[in-house]
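Below is one structure; the comments refer to it alone.
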Amino acid sequence: MQIFRIAAVIVCSVLLVSDGVSQQRPILSPRDSVFLSLDTNVISVNYSRPSMRGRKIMGELVPWNKVWRTGANLATHLHTSFDMVLGGVPVPRGTYTLWTLPAPAGWKIILNKQTGQWGTNYDARQDLARFDARVETVAAPVDTFIIALQATGKTSGIMKLMWENTVVSTVFEKNDKIRPISPMDSSETRFRGKHIKIKYSRPFMRGREIWGVVVPYDSVWRTGANLTTTLTTDADLRVGQASLPAGTYTLYSLPKESKFTLIISKKPAGFPAYDPAMDAAQIDLAMTKSTTPIDPFRIWFDATKKGTMLRLGWARRVYSVPVRMK
């Protein structure tokens, strides 16, 4: 676990300081780790432990409605040696940074895929998931922040974050049949016996802000997840105002705050990197708002009175363009 090696180096460096200097400058938020073994598996958290030191914590030192590093100094890291469900969200085995979003009405726990960074370096675009946590108030104040892992069964447990008079908790369990984070899917239609098919991955929202964050504005997006999204057609097509000969293409897109451009590329399937020299067409799609969130991401063909529409939807946005055979 690289993060624990990093923490060890930090600790060793501190120990090399002379006794006199150490006494003058005590470590205000010492680094600590907590481990829990479940069957033959381990979940662990490496974090710093700030103390109250007479300060008001919740709502002041830890402000409401702002992402908190959930500790101090280096970002807090969570490692799991097994696939699990944490707070109802599938989490593949690996190392993540652990953040929280405190609010008077409730807390959210955030797992982020970026690791090794300082605790002020948070990038929401790399969130794996956000989910609600249980919040309780205790009478006796907890002076030094603590993260605890407790077993509730052979392959299940609870994680608790405790400081001042607040306890934030979430449950987890081992999951041997974890669903793919972004499962593969396809959508297809026919025009007079000719076949059109789109293969793509379907990422889930998992509590995250999608447009402008998970899918940044003004950057080319793979239009799904994992491998490239592909379109295969037996027929020559008209997609919006663009002509598309029969063949296989990859689909990219360029999302903007008030505009969405579908990019049809001649680049072979399986190569996610975008190459503008391979563009076959760029097509602006019309946007509508969905009354209910679309989750996971979806691509589909929709037969209407005016013809067939190709639609892409995620969260509360749907982008559409007419498709017909030439």
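Remarks
- 222 nm mean residue ellipticity, helices alone, for the chain (DSSP H n ≥ 4; -39,500 (n - 2.57); rounded to 500): -2000 deg cm²/dmol
- FRET efficiency for the MET52 to ARG134 pair, using the beta carbon distance and R₀ = 30 Å, is estimated at 0.85.
- Partner aspartates and glutamates for LYS174 [C-alpha distance under 15 Å; skip if fewer than 8 residues away on the same chain]: ASP39, ASP83
- Gap separating the Cα centres of the stretch 49-90 and the stretch 120-180, nearest whole Å: 9
- DSSP beta bridges fully contained in the stretch 102-197 are about 100 percent antiparallel.
- Cross-link pairs exceeding 26 Å between alpha carbons, from the set LYS197/LYS266; LYS66/LYS177; LYS194/LYS306: LYS66/LYS177.
- Extension gain, LYS289 back to LYS326 (0.36 nm per residue minus Cα-Cα distance, nm): 10.3 nm
- With the convex hull of the Cα atoms taken as the outline of the stretch 94-192, the averaged projected area works out to 10.8 nm².
- GLU257 versus ILE27: modelled label distance in nm, points set 7 Å from Cα along the beta carbon direction: 4.4
- Dimensions of the stretch 101-254 based on its C-alpha atoms, expressed as ranges along the principal axes with the largest first, amount to 73, 38, 30 Å.
- Count Lys and Arg as plus one, Asp and Glu as minus one, and take only other residues whose Cβ is under 12 Å from that of ALA281; the net charge is then 0.
- Compared with the dominant principal axis of the Cα atoms in the chain, helix 2-15 is inclined by about 30°.
- For a modelled paramagnetic label at HIS195, 7 Å from Cα along Cα-to-Cβ, the residues of the stretch 240-256 in reach, with backbone nitrogen under 19 Å, are 245-250.
- q = 0.09, 0.14, 0.21 Å⁻¹: log10 I(q)/I(0) that the Debye formula gives for the stretch 184-325, counting C-alpha atoms only: -0.24, -0.61, -1.48
- Residue order, fewest to most beta carbons within 10 Å, for TRP314, TRP107: TRP107, TRP314
- Listed values [x] 47, 20, 19; [y] 61, 21, 18; [z] 33, 26, 19, entry calculated as semi-axes √(5λ) of the Cα gyration tensor in Å: [x]
- Maximal additional length on extending the ASP39-SER219 stretch stands at 60.4 nm, based on 0.36 nm per residue less the C-alpha distance.
- Cα-projected label distance for ALA269 with ARG316, points at 7 Å along beta-carbon direction, nm: 3.6
- Near ILE110: Cβ cut-off under 15 Å, other residues only, Lys/Arg at +1 and Asp/Glu at -1. The net charge is +4.
- Label positions at GLN114 and ALA281, each projected 7 Å from the Cα along the C-beta direction, are separated by 3.8 nm.
- Cα point-scatterer Debye curve for the stretch 2-174, base-10 log of I(q)/I(0) at q = 0.10, 0.19 Å⁻¹: -0.38, -1.35
Taken together, the values in this text are just the output of simple stated rules run on the coordinates, not laboratory data. Since we're looking at a predicted model, the values are computed, not measured. All Cβ positions, glycine included, derive from the backbone under ideal geometry; neighbour counts span all protein chains shown.
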